[in-house]
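Step one of this worksheet: look at the structure below.
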Amino acid sequence: MNSPDIISVSQYLDKLNVTLKVEKAKIVGEVSGVQEYPGRSYLYFSIKDGKDQSTLKCFMWKRDFKISGVEIKDGMEVIVSATPNIYKPNGGLTLQVEQVELVGEGALEKAYNELKKKLESEGLFTESRKREIPSYPHRIGVITSKSGAVINDFLGNLGKFGFEILFVDSKVEGQDAVKDLISAMKILRDKKLDVLVIMRGGGSLESFMAFNNEMLVRTVASFGAPVLTGIGHDKDISLVSLVSDKNVSTPTAVANLLNSTWSEALSYVRLSEEKIFTQFQSGLQNSQFRVENSEAIIQSRFVKLLEVLEKAEQRLLHAVVRIESGIARISESIFQKAKDLERGFVLFITNTKEIIKQSAKAIEFSSPERALARGYSIVRNKGKVLKSVKDAKVGDGLDILVSDGIIQSKVI
């Protein structure tokens, strides 16, 4: 029992399950015995071969079932992506299903129309809930496959406007792409994007299954930034395209849309540059004309000013001559008047001297002393000259003035 070659049942089953993990496959079959358990995180069903009724039991987590977006029913033909596993409690072989896909375009189209009707009734496709792609986007999230022509076409047509591209590689074909696409959106959810771009090329309806997945559609609808899709399909537009804020047909059209406001702004700048240059050139020409015209005006006015100055100079010279002539005349007149005044003053002095001389003689001739010398006398009564006998009375003392003295007498 202690031989190293001997192992327990549990150990052997674990070994088998490790080996079986590499046997992952896509298996087509008809659904039967669907068992969903409310409140539980898993469900059971079986798939069988329509030719010989060969059957495989299937186990699937409800999270994966929901991501698959397929409402399985008994009798429905599906493709499951699964890994075989032996359930240890009963030793039964079970397929661990990761994904369920519908088989055939008829079934796919029916599922597409049913889901589309459901989402339309919720208002997910209405224009009123859609957001504008911002003008002049800068920070752009891009989800597509890194291989193939899509990303090259997009980048080749994207203008050199300083875009910041945050690229996440993802599967974009088949039902397998759903998990990748949702995971990529989660990565970019908190990157403060201006716009999110989801792209892929054309293909069959089956290749577009991921873009008609309900969980992916709802993830796009609730994304924090406007979503721009370039998911082309000739027949039916994908539900992701319908729910996105803006949809165009090709990666080139996506790039052109992102370029558009930047290109318009660049055209406006160039037009403004041309307008400014034209206005500057016109203004320069006008200024040159005004300068040249001003030069002519200044020259004309300067000539006129010189003429005015010359005339003023002539008038000033004439005035100076007149003033000098006037001064000469006044000087001559003053000189003549001075001479006349001098002659008049000399004559006045001479006449005055003669008058004084004559007056002196008259005074001398009329002097009282001269009269006294000739024998006359002057009688005063108390200092007053007596002119009449009435001026004296008996007893008055009189003074008689004669040439050589005074005689005192008394009236009797």
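Go over the candidates Lys387, Lys361 one by one and state the one that is on the phi < 0 side of the Ramachandran plot, among the basic types (Lys, Arg) and not in a helix (DSSP H, G or I).
Lys387
Could you pull out the residue among Leu372, Leu316 that is part of a helix (DSSP H, G or I), touching a residue at least 12 places away in the same chain (Cβ under 8 Å) and not polar (S, T, N, Q)?
Of Leu372, Leu316, the one residue that is part of a helix (DSSP H, G or I), touching a residue at least 12 places away in the same chain (Cβ under 8 Å) and not polar (S, T, N, Q) is Leu372.
Pairs under 7 Å by beta carbon, first residue more than 20 Å from Ile79 (Cβ to Cβ) in region 26-45, partner in a strand (DSSP E or B) and at pLDDT below 85, six or more apart or different chains?
Taking only residues 6 or more apart or on different chains, not a single pair turns up.
Checking Lys146 against (1) surrounded by 15 or more Cβ atoms within 10 Å (Cβ to Cβ); (2) over 37 Å from the mean Cα position of the chain (by Cα), which single condition isn't satisfied?
Every listed condition holds for Lys146 apart from (1).
Among the residues of region 254-270, is any at pLDDT below 80, surrounded by 12 or more Cβ atoms within 10 Å (Cβ to Cβ) and either touching a Pro at 6+ places or on another chain (Cβ under 8 Å) or charged (D, E, K, R) (or both)?
No; the residues of region 254-270 include none that is at pLDDT below 80, surrounded by 12 or more Cβ atoms within 10 Å (Cβ to Cβ) and either touching a Pro at 6+ places or on another chain (Cβ under 8 Å) or charged (D, E, K, R) (or both).
Would you mind finding the one in Val227, Val240, Val248 that is hydrophobic (A, V, I, L, M, F, W, C), crowded, with 18+ Cβ neighbours inside 10 Å and touching a Phe, Trp or Tyr at 6+ places or on another chain (Cβ under 8 Å)?
Val240
Among the listed residues Asp14, Asp74, Asp64, which satisfies the condition of being loosely packed, with under 12 Cβ neighbours inside 10 Å and either assigned by TED's automatic domain parsing to the domain that holds Gly174 or not in a strand (DSSP E or B) (or both)?
When all the criteria are applied, what remains is Asp74.
If a residue has to be among the polar types (S, T, N, Q), more than 22 Å from Val217 (Cβ to Cβ) and under 60 Å from the mean Cα position of the chain (by Cα) to count, how many in region 39-76 make the cut?
Number of matching residues: 1.
Have a look at Glu120, Glu114 and point out the one that is farther than 20 Å from Gln175 by Cβ, among the acidic types (Asp, Glu) and part of a helix (DSSP H, G or I).
Glu120
Return yes when Leu306 is closer than 30 Å to Lys110 by Cβ and of a type in the set (A, V, I, L, M) and no when it is not.
Against the criterion (closer than 30 Å to Lys110 by Cβ and of a type in the set (A, V, I, L, M)), Leu306 does not qualify.
Exactly one of these conditions fails for Arg129: (1) surrounded by 17 or more Cβ atoms within 10 Å (Cβ to Cβ); (2) modelled with pLDDT of 90 or more. Give me its number.
(1)
Only one of Leu181, Leu188 is in contact (Cβ under 8 Å) with a residue 24 or more places away in the chain, hydrophobic (A, V, I, L, M, F, W, C) and in contact with a helix residue (DSSP H, G or I) (Cβ under 6 Å, 6 or more places away or on another chain). Can you tell me which?
Selected residue: Leu181, the only one of Leu181, Leu188 that is in contact (Cβ under 8 Å) with a residue 24 or more places away in the chain, hydrophobic (A, V, I, L, M, F, W, C) and in contact with a helix residue (DSSP H, G or I) (Cβ under 6 Å, 6 or more places away or on another chain).
Just one of Met215, Met199 is outside the structural domain of Gln99 (by TED's automatic domain parsing), buried (at least 19 other Cβ atoms within 10 Å of the Cβ), under 27 Å from Glu98 (Cβ atoms) and in contact (Cβ under 8 Å) with a residue 40 or more places away in the chain; which is it?
Being outside the structural domain of Gln99 (by TED's automatic domain parsing), buried (at least 19 other Cβ atoms within 10 Å of the Cβ), under 27 Å from Glu98 (Cβ atoms) and in contact (Cβ under 8 Å) with a residue 40 or more places away in the chain holds for just one of Met215, Met199, which is Met199.
The values are calculated or read from the model by the stated rules, or taken from the named source; none is laboratory data. Quick caveat: nothing in here was measured; it's all calculated off a predicted structure. Ideal geometry is used to build each Cβ from the backbone, glycine not excepted, and the neighbour counts take in all protein chains shown.
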